[in-house]
Each structure stands twice: as C-alpha cells, then as structure tokens.
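The values are calculated or read from the model by the stated rules, or taken from the named source; none is laboratory data. Remember, predicted model here, so these are calculated numbers, not experimental data. Glycine also receives a Cβ, built like all others from the backbone with ideal geometry; neighbour counts cover every protein chain displayed. Only protein heavy atoms, including side chains, enter the accessible area calculation; ligands, DNA and RNA are left aside. Shrake-Rupley method; radii C 1.70, N 1.55, O 1.52, S 1.80 Å.
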Amino acid sequence: MTFTPAKDSHRNRILSFLGSPYPLRYGVVVIILATLGYAFLDFLPMLRYDLQLLHETTAVDVQGLRVQDQLQLQIQQNRRDFLRVILAGNSVQERERKIQSMHVSDATIAETESRLSTMGDATRSFQPQFHERWQRYIAQRETLLAAILQTGPEAARAIDATFADSAFVSVQQSVESAESALETSADANLHEVSKALSLAQRELFLLTALKISVLLLLLWMDWRRVRAERQLRRTRLELQASEDRFRQAFDAAVVGMGIFRLDGTVLSVNRVGARMLGCTPAELIGRKVGDFMAPEFREPHLQQIANLPASNESSYVAERRILRKDGSTAWVRNSVTLMLPEGEEGYYFSISEEITVQKEANDRLAWLANYDPVTNLPNRRFFEEQLAAALKPAVGQSKGMALMYLEIDSFDFLKGTFGRATADEILSELGAQLKASQQEGELAVRLDDYAFGMLVPAALYDQATVARAGQLRDIVRRVGEAGKHRIPISASIGIAYSNDALTSTGSLRAVIPEADSCSDDADTLLKYARAAMFEARSQGGDAIYLADPVLQERALQRHKIESALLRGLRQDEFRAVFQPQFQLATGKLVRFEALCRWNSSELGPIPPDRFIPIAEQTGLIGEIGRRIMLEALRQACTWTESGRRIGIAINISPMQFMRPDFTSTLADVLAQTQFPPALLELEITEGIFIRDLNLAGARIRELQRLGVSIALDDFGTGYSSLSYLQRMPIDAVKLDRSFVGDLTRDTATISMVRSVLTMARALNLRVITEGVETQQQYDILRDLGCDEAQGFLLGRPESAELALRRVLDSPQHTVATHG
C-alpha cells in the first residue's frame, strides 16, 4: 500500500501518538468518566427504589396508623352504641335497631382488624391479643345484652360496670399498644430506609470523590505534562535556534573550527578550516587530523591528544605547519580543547588561525634582529654575541682572534653627491663580496652605516692578518671600479687583537684591563679596532693600522670620555666662554664667539678638540650645543640690556646643523631668551656641504628667515671651499688660522689672502680672520682690508663675567653689526 505524504504524515502522527504514554492516560480518564457515569446511572434507580420504598413504607405506616385510628374510632363508636343500648328506654324496637347497628359495627371492626393485620409485623403481632380481648369483650357484651333483655337496663349497667367496662378498657389498651407498636415500627422502618439511603449516598460520594480525585490528579498530571511539553518544545526550539546560530557562527567564523574524535577522526569542520587546507568540508570528514600536518608535527600532535584526557589540563595551543591539498604548506595556530559531555563520548574542539604571514613576518623580524637587510650580513647585535662566544676560552686551550674594522672613506660625500640609493647599491655589493670572500673561521658583519667588520683567527701581529686586511681593502676598491656608477672608493681598516692573542706574548697584558666577562672583552676589542681605524683615517684614508699599546691607551681614554660625557650632561658641567672679535679698521668690539668648555668632575678639564668629536659620534653634541647656545644668548642679553649692540657668534657642529629639528630648536632658544636674531651669527664648516649640499642650502635659508647670519668657518682648509662661496647663501667667511701664521713669512700667503678678500668683496661677504697672535699679523690684515679679527692678541676666551666687563668698557652705541 502506498501512502501519500499527507497520509504518511497522518499515519506517523497516529503511530507516534499510540506509541506515546498519552493513550494509556487518556484511557484511564475515559474509564474513570465511564465508571462515574455508570455509578450515577446505577445509583439513580437505587435511589429511586429507596425513595419509593421509603415512600411506600411511610405510606404503609401512615395507612396503618390511619386504620388503627379508624379501628379505635370504630371500637369507641361500638362502645357508645352499646352504652346507648344500655341507656336506651324500654322501647324494644329502638333497642333492636341499636343492637343491629352495633352488630354492623362489629363487622366493620372485624374488617378493620383484618386490614390492620396486613400492615406489617407490628400489627400482625397485635392481632391475636386484640382479637382475643375483643372476643372476650363481645362475649361479655352479649351477656349484658341478654341480661338487658331479661332484667332490664339497670342490671345491665351494673354488669357493664363490673365486667364489660374492664374488658373494653383492655381492648382499648390493646389498640393503643398496637398504635404505639405501629408508630415504633414506622420509625424503625423510616430509620432503616434512611440509613440504607444514607449509606448508599456515602458510598456513592466516596466512590465519586475517589474517582474525581484520580481524575483531578490525572488532569493535573496532564496539565503538568502539557506544560512540560510546551517548555520542552520551547527548549527544543531554543536549542534548535542555538544550534542554528552555532552552525551559522561555525560556518561564518573568520577562523577555522573543527570537531574531531579522541583518535583524531574529523567529525565536522567549517568552510574556513577546510579552505586553509584547500579542501571542501566534505573532503575532510572521516579523515585523521594528523594527515594534514607536516611530518615533523604529526608525532607531537598524536602525543598531545593522547595525553590530554589523562592530564589535568583541558586544552593546549600549538603552532604547526600544515600540508594543503595542492602540496603547498601554511602555518596555523591551533587551540585544542577537550570536551567531555556527561554520558557521551568525548571529543576535541579546535580553533585554527592561519599565521603564515605572521610567521614569515616574525621570521623576517628575527632575521632583521640579527642581519642587515641592505648587505645581508650579520648586524652589530649578532656580531657582538658571536664575538663574545668566540672570545670565550675553551677548556685546556687558548685561541687568538683579530678584529678588522673597515670603514669607507668619504662615504658621506658619496651619499650626498650620488644619493642614498646609489650608496645602498655600493653597500649591498660590498656586503656580497665580503660574504663571498669569507674563509673558514671568519665572520664578516656590517657594524654601522658604512662600517664593516671581519673577525679572523690570528696570532699577534702576524703578517697573514695584515695581508688579509689588504685583501679586504682591494675588495672595496674593486666594488667601486666594477660597479655601474664607476665610483672610486677606498676604506680605512683598523686591526685589534683579542686578549688571548695579546696575552700569549706576555707584552700587552697591562694595556688591556682585566675583563669581567667575555662581552667586556668583545667590547674592548671593538673599541680598539675602531680606534685603529680612526688612526688609519687620520693618515689620509685607504690605509691599514694596527692597534698598539699607545693607541689602545688613547682608545681607553676615549672610552672614559664617552662615559663621562653623559654624566657631564646630567651634572650640567658644560660652560660657555667668550672670545672677542674686533673691527680691524677701528679696533672696536663687534661680537663674541661663544666656545664650549668642559671641566669634568671625573676627568678634569678636557680640551674641545678631544670631546667634541666624541660627542658628535655619540650623538650628544645636539644637547650640548643647545645648552651652550641657550647660555650664550642669555649672557648676550645682558650686553644688549646695557645699551651696547654687541653680537654673538656660535659654532654649530655639522651633525647638530643637519638635525631635522635644528631650526625649531634655535627658534625656541631665541623665544626663551628674547635675544635679537640680527645679533646672532652661526658658524658652520664645509663638512655640512659634504654631507648633503641641497639640504645644507635649504637649511641656511630657513635660518636666515629667522633673521640670523651664517658664516663659513675654517675657510681655506677644504679643496672645494671656493665653490661653496658662489653656491651657498652665506653672509661671512672666516679665514683659518693656518693663513695667519704664514703672513709674516710667505708672500704667497699674502697674495692668497688678498685674492680671498677680493672675491669676498665681489660677493658682498664679510671676512673674519682667526688666530691673530702678533701685532704684525694684525697690521698686515688691516692693510689688506680684512673686516674683522680675533685671536690671543685681541683677547683670549674669557668667562661671562669678564666678557660683560669688556662690554661695559666699550663705547656705547658706536658699533653696528653687519648682517
């Protein structure tokens, strides 16, 4: 038989209904209702019968009482008739008529007696007694009647009073007794019927109450069931909605989610998780999770999921490499949680996030933490770690190492001329060549922007190390010659030897202090190699220099100065001193040059030519210069407040000048001190132009817009100074002291100075000469037409108090600055 979908649904509902506990419960209710109905139907006839019986019994009793009353009335009437016979006259006819009426009354009494005997047990027990007494009374009455007929009424009355009256009283008592018995019987019958009726009612009530209680209990249970079913239906709907929401969230999640058994079999996976593996969810269900992991991660995965149920932990997080369907790999971070539902089989819930990009980025960051991205060589941090490890002495043996510190000569000029991109290409090629030239046991690194290092096994001052340094220098030359830009470059190389190499000869142990750790030895070695490189640079570059005891002593002193510089800044140990500048034509004071002096609390007075280069290399020159500038302008404000227009000149370091915030720093200092910008002159060197010519020109114009003037210091010491005079918007030039020293001995120097002065006048530039120490030098410069001069002849650097006294001693409102 084939069912349509509607019929199938209807049949299924019926079968489901029959298979549920509902039919039994509803059957019990129906049975109870049926029995209640049957009980009522059964009770009604019984009630009707009892009521009818009660009615009949009551009717019988009432009829019996009525018959008894009638009998009593008839007896009394019969007695009255008898008494009338006795009392009647001598009329025979009257007497006979009354006797005949009395006899009729006797028949009526007999009939009534007969009816009364049928009224129940009480009347039946009354009849014999009543009949016997009534017959005795009749017999006595008849005797009296016969006496009346014979003797007359008077004798009859005497007989009646003697005999008949007592007999009649006995009959009457018998009737009254019957009445009492009848009443008692009626009461008993009524009580019995009432009792039976009451018992039937109580039985019906109890049975009905019991069945109604059961019915109410079933109805209450059914109401609870309906309520529970509704709650269950709501819970089922909420659970279904929750499952739908979970499924939607599971499928729409931006991370991969999956459920798998304790043995690793996949039960469910969302689209993102499947997409991570390049599959569809259907392709993954039923397979093992470990099948998608890289071989090196499978065994750890199996151990983790096997150990997790027995451990105190309920979850773990792991990063793994997975295998995609197409053979490619990816990195994921898995968060796996053990789920143990009560009464059900446990399973694992996994959240997976692809971290391939992050992993590559972290690997890249880890690489960048140890390697330089331009040259692909190890960086300084990695090198210092490797150097410390290399210098750590092995048990039972000692090994010597040499560090070659290589720095490209004039790299700032190369970068400023050809640009950063070209400079990076050269550095990249040099890094590749150094890496390719590495020999066994060597390590090439990039230490700074254009500084490289090579760590090699070496004995103290061996020729092999020097020859190896020469090879590195040749590599630098070839990189410049063979590149597409054909830029000639060279390098200065400093060589320092490790403690083991130095102490192996026993000659330099006192020079290198004891190191507390290998890292201290590495730092010392690096300092000495760098100091040797500076010595090679000071010899003109493209040279090799070995760190000797004297150089190491200087390097040690340099290290002490570096350490003391920061302490000096914290303790405000830097002070400004002032050297006067005069007009040569009039001899009048025009300005002071502010110079930096440092009296270290640890090292004592340190000359500027010793700490200024170190401050530039450490980057502290910017803060030192700002403090000196602020102090100098505050002091110069006291000069203008005295009514003198005395200017101030301040030397600016190339590193300080090229800082992006230098212009704003100067503007802040001018705003704090309220010093007139027109009285401020900044002295710069040609090193600024070598670093970045275009930036230097732009920076000079920014400063001039603030109102300050710019002077080119140490003019004549560089090979390109004359070109700067034409290209840079400067206001003055300052002849180097090397020209002044030869003025009295060399006519060629005089001609050169005269040429410079002629060119400066053509360009509308002031010329200031420094280093004037004799009157003869002063006179020659004045005769040549030099504008201003300074030197020991005119005044040494002096404190702020002496400078203020010199200002106050100068003429008021007589000197105007050039600006």
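When each of the peptides 140-146, 787-793, 647-653 is scored by how many other beta carbons lie within 10 Å of its residues on average, the order from highest to lowest is 647-653, 787-793, 140-146.
Rounded to whole Å, give me the distance from the Cα center of region 218-243 to that of region 752-778. Spelled out, the Cα-based centre of one part sits 109 Å from the other. What FRET efficiency, computed as 1/(1 + (r/R0)^6) with R0 = 25 Å and r the Cβ-Cβ distance, is obtained for residue 244 and residue 324, rounded to the nearest 0.05? According to the calculation, E is roughly 0.25. In plain terms, the chain from residue 83 to residue 548 could stretch by 148.6 nm, reckoned as 0.36 nm per residue minus the Cα-Cα distance. The calculated Kirkwood hydrodynamic radius for region 210-357 is 17.9 Å, given to one decimal from all distinct C-alpha pairs. Calculated FRET efficiency, residue 490 to residue 792, Cβ-Cβ distance, R0 = 30 Å: about 0.20 to the nearest 0.05.
Sorting 559, 301 by accessible area puts them as 559, 301; the probe is 1.4 Å, largest comes first, and only protein heavy atoms count. Peptides 794-801, 188-195 ranked from most to least packed by the mean count of surrounding Cβ atoms within 10 Å: 794-801, 188-195.
Please compare each pair in 392/527; 392/415; 415/560; 359/415; 527/734 to a cut-off of 29 Å on the Cα-Cα distance and tell me which ones are over it. Check vs 29 Å cut-off fails for 392/415; 415/560; 359/415; 527/734.
With a Förster radius of 25 Å applied to the C-beta separation of residue 392 and residue 617, the computed FRET efficiency comes to 0.30.
Under the shape rule built on the C-alpha gyration tensor, where the axes satisfy a ≥ b ≥ c, region 328-402 is oblate, since a/c reaches at least 1.5 while a/b does not exceed b/c.
Extending 7 Å from the Cα toward the beta-carbon at both residue 410 and residue 311 defines two label points whose distance is 6.5 nm.
For region 601-664, the alpha-carbon radius of gyration amounts to 1.33 times the rule-of-thumb value 2.2 N^0.38 Å expected for a compact globular protein.
In this simple spin-label approximation, residue 146 and residue 610 carry label points 7 Å from Cα along the Cα→Cβ vector, and these lie 19.4 nm apart. The label-point distance for residue 678 and residue 808, in a model that sets each label 7 Å from Cα toward Cβ, rounds to 2.7 nm. Contact order for region 281-413, expressed relative to its length and based on alpha carbon pairs under 8 Å spaced 6+ residues apart, stands at 12 percent.
One chain, two ends: residue 474 and residue 271. Fully extended at 0.36 nm per residue, the span grows by 67.0 nm beyond their Cα-Cα distance.
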